[in-house]
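For reference, the structure is listed below as structure tokens.
Please treat every number below as a calculation from the coordinates, not as lab data. Please read these numbers as outputs of a predicted model, since none were measured by experiment. Quick reminder, even Gly has a Cβ in these numbers, built from the backbone with ideal geometry, and neighbours come from all protein chains shown.
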Amino acid sequence: MSSDLIRSRSNPLVKRLRALKQQGANDLLLIEGPKLLEEALAAGVTLVEAAASPRVLRHARGRELVASVGSRCPVRLMDDELLASLAEVEASQGVLALARRPRFDEARLLSGRPLIVVAVGVQDPGNLGALLRTAEAAGATGAFLTGGSADAFSWKALRGAMGSAFRLPHVKVRAAAAVIDRLRGAGVRLVGSAPGSEVAYDTADLRGPLALFFGSEGSGLPDEVQDALDERVAIPMAGAVESLNVAVAAGVLLFEAARQRRSRSGVEKGYAGS
């Protein structure tokens, strides 16, 4: 690590970081804070260059992190206020890095007995990140992101995913119809969350190769996607609540699928198809 402290806003590294923050990039992402950097390191994400505030080096965890990052890419010391001006959060955590966006092989989503999440137009990056985190926790094999869904590697999505975006295979596809065709060709059953369905989620058979479809926060799944599904299921709710956050709804269905798959008999009384 260079001991020279970057203080100028015209420094080339500062310019690159600011450009990425403001404009984004097709092949790079910005990782900010010790936790996400530790997750990126553990996941084998390729780091390009990094910057750290001198205050990070005052603590053992910070020194260890900077050393680990420094074994993967150049690290420069940067004035704390200057680094804070590049941060997405109000209180900078004093360390950030440029990294290559992970690329996932679509075949990994379909491996074994697939349990796939399909996000159709989930535009809120925090919700998308939480959806990926929930999917990983439930044992999903991966996710397709379609129809204008948010960037899974944007700062808010990365915070919501808490490292899951680095680990859970996910592929962005422009049209939901293309995903539906691919999944049908692979023999995957298509099930969607639809509040108006008469089929409760815990009576549906979620044991086999499965893709669970979730729509946008405002309008849900488009009609053409709903019409293409093999089954639509609802989550019964009490009181005047009309809908759930997409990550919460996904959690309910994903963990029900995981529960059914763990069943020793493979089926319990009351499931459709038993």
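For the chain, what's the relative contact order in percent, using C-alpha pairs closer than 8 Å and at least 6 residues apart?
Value for the chain: 17 percent.
Hey, what angle do you get for helix 125-137 against the long axis of the chain, alpha-carbon based, 0 to 90 degrees rounded to 10?
It is inclined by approximately 70 degrees.
Which percent of Cα-Cα pairs in the chain sits in each 5 Å bin, short to long?
Going from the shortest bin to the longest, the percentages are 1, 6, 12, 16, 16, 13, 10, 9, 7, 6, 4, 2, 0, 0.
Taking every DSSP beta bridge with both residues inside the chain, roughly what % is antiparallel (nearest 5)?
Given both bridge residues lie in the chain, the antiparallel proportion sits at roughly 30 percent.
Between the helical axis of 12-23 and the dominant principal axis of the chain, each derived from Cα atoms, what acute angle in degrees is found, rounded to the nearest 10?
So the inclination is approximately 30 degrees.
Mind sorting L210, L86 by how few other Cβ atoms lie within 10 Å of their own Cβ, fewest first?
Exposure proxy ranking, most exposed first: L86, L210.
Considering only G220, P114, L37, whose Cα is most displaced toward the positive end of the charge dipole of the chain, charges sitting on Cβ of Lys, Arg (+1) and Asp, Glu (-1)?
Value computed over the given set: L37.
For the chain, what number of Lys pairs, 8 or more residues apart or on separate chains, have alpha-carbon atoms under 26 Å from each other?
8
Nearest-5 percent of antiparallel DSSP beta bridges in region 2-100?
60
Under a Cβ-only charge scheme (Lys and Arg +1, Asp and Glu -1), can you give me the dipole magnitude of the chain about the Cα centre, in debye to the nearest 20?
1040
Using the Cα atoms of region 138-274 to build a convex hull, what is its mean projected area in square nanometres?
For the Cα atoms of region 138-274, the hull's average projected area reads 9.1 nm².
Taking Cα atoms, how many degrees apart are the long axis of helix 246-262 and the longest axis of the chain, rounded to 10 and kept between 0 and 90?
For 246-262 against the chain, the angle is about 60 degrees.
For a distance above 22 Å, tell me the whole-number percent of Cα pairs in region 2-100 that qualify.
19
Specify whether the C-alpha gyration tensor of region 144-184 places it in the rounded, prolate or oblate class, a ≥ b ≥ c being the square roots of the eigenvalues: rounded for a/c under 1.5, otherwise prolate if a/b is larger than b/c and oblate if not.
It is oblate, given that a/c is not under 1.5 and a/b is not larger than b/c.
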